[in-house]
């Protein structure tokens with residue numbers, strides 16, 4: 001039955017590929033489902049739980065910490081990237097996934113324990129410092145998971161599929177990920193003040209992810225887990241090789257911009273939305289709002305991935321698909337700015353207008369832009385797929401988000417969140433459009449060069 005459904009929506013997928021691709025899709029479902037649940041939880045914990053008023057914090061403390069933790073994130077991730085780059089040289093690719101997943105199981109088991117104690121014994125029992133530090137560390141580790149684990153999964157998948165297979169498979173895998181994201185996000189719609197079971201669910205999903213990868217590697221023949229673009233020779237490895245490869249290859253610099261610059265604009269707009277929501281909602285309704293945000297984005301992304309991604313890639317090609325997203329992002333920002341300046345909506349309606357913009361740009365990012373930008377790594381070596389890609393997806397992505405958060409922090413007016421939001425909309429939109437312009441030019445360059453590399457069967461290494 002599952003095979004029939006897959007071939008109905010993705011007729012290009014061959015019968016003998018279904019088992020392998022279904023297991024990859026299931027692993028991605030657990031990865032993205034886990035990430036989205038953690039991603040929504042990190043905002044809830046930092047905005048509403050880590051700095052309780054009863055322990056002397058102001059109500060706005062969590063929101064004001066966002067630029068700081070986003071600034072710490074790239075440094076935090078850089079340490080993990082260097083350790084990860086070394087592990088790539090030591091372990092087989094599937095064993096590397098077990099190691100990284102186990103690391104996060106330990107971290108989020110700790111978060112489960114802290115929030116259990118908070119719920120059972122109260123804020124005062126834990127104390128001001130433990131709650132604050134746990135909230136900040138929980139945020140940082142979640143940010144690193146979004147970079148490290150997702151990047152590792154795609155590196156594993158890219159190195160296990162041929163270029164022809166990737167064009168057929170990646171839209172299916174992306175759609176499966178959105179299905180997992182819907183499931184993870186929907187848990188946040190449960191109206192409860194008890195948070196620790198959600199982190200326990202994160203741990204359980206990571207265990208399921210490890211079990212899926214184990215079953216995949218044990219049951220799918222090794223010859224079916226190979227890429228057609230991996231060079232035979234090996235180079236000397238060192239911890240900084242991912243950075244040096246990036247430095248010497250203009251193509252990879254272009255991929256860096258395409259893969260990260262949208263995060264700058266997205267972080268500014270999302271910070272604006274979360275700031276508005278934190279002023280309007282208490283912590284239970286803030287949790288519900290974040291759950292609705294995640295479910296809405298991923299439901300739309302799922303249907304785009306299911307019905308539109310394969311068609312767009314097949315009919316328009318990767319070159320055009322790379323350009324669709326920056327154009328759509330720019331048009332959405334301009335529309336929001338016009339709505340704000342001409343109609344002067346109330347804070348409540350402005351929140352939902354911002355929500356709508358984020359819904360569109362995030363859904364298109366996950367359903368179309370992400371699978372297409374992953375295809376840019378097909379004509380590359382193993383070092384690029386695992387090391388340079390990890391630098392781009394982990395350190396580059398976090399640096400982009402840090403930049404967006406810093407811009408949001410500069411636009412803040414301490415003690416005046418309403419004026420802060422006005423600055424975020426007015427000045428943040430102009431700054432975001434500038435970054436989108438650079439991103440568009442990079443997408444144009446990368447798309448053209450990628451087509452040439454595939455046509456000439458050349459490898460970036």
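The values are calculated or read from the model by the stated rules, or taken from the named source; none is laboratory data. Bear in mind that the values here come from a model prediction, so they are computed numbers and not experimental data. Glycine gets a Cβ as well: all are built from the backbone with ideal geometry, and neighbour counts include every protein chain shown.
Table for the structure above
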{"read-out": "Residue match in the stretch 95-102 (condition: in a helix (DSSP H, G or I), farther than 28 Å from residue 57 by Cβ, within 21 Å of the chain's Cα centre (by Cα) and at pLDDT below 90)", "value": "yes"}
{"read-out": "Residue selected from the stretch 64-94 under the condition in a helix (DSSP H, G or I) and free of Cβ contacts under 8 Å to residues at least 40 places away in the same chain, by the criterion farthest from residue 220 (Cα to Cα)", "value": "75"}
{"read-out": "Filter result for residue 106 (assigned to a helix (DSSP H, G or I), surrounded by fewer than 16 Cβ atoms within 10 Å (Cβ to Cβ) and at pLDDT 85 or above)", "value": "yes"}
{"read-out": "Search result, residues across the stretch 372-422 that are free of Cβ contacts under 8 Å to residues at least 12 places away in the same chain and in contact with a helix residue (DSSP H, G or I) (Cβ under 6 Å, 6 or more places away or on another chain)", "value": "413"}
{"read-out": "Among residues of the stretch 55-79, those that are surrounded by 18 or more Cβ atoms within 10 Å (Cβ to Cβ) and more than 30 Å from residue 123 (Cβ to Cβ), counted", "value": "1"}
{"read-out": "Complete set of residues in the stretch 342-365 that are more than 20 Å from the chain's Cα centre (by Cα) and touching a residue at least 60 places away in the same chain (Cβ under 8 Å)", "value": "347, 348, 350, 351"}
{"read-out": "Residue 392 under 26 Å from residue 162 (Cβ atoms), over 17 Å from the mean Cα position of the chain (by Cα) and not in a strand (DSSP E or B)", "value": "no"}
{"read-out": "Residues of the stretch 241-256 satisfying the condition of being in contact with a strand residue (DSSP E or B) (Cβ under 8 Å, 6 or more places away or on another chain) and at pLDDT 85 or above", "value": "251, 252"}
{"read-out": "Residue identified as within 30 Å of residue 148 (Cα to Cα) and outside any helix (DSSP H, G or I) among 360, 378", "value": "378"}
{"read-out": "Condition met for residue 180 (on the phi < 0 side of the Ramachandran plot and either at pLDDT below 90 or surrounded by fewer than 17 Cβ atoms within 10 Å (Cβ to Cβ) (or both))", "value": "yes"}
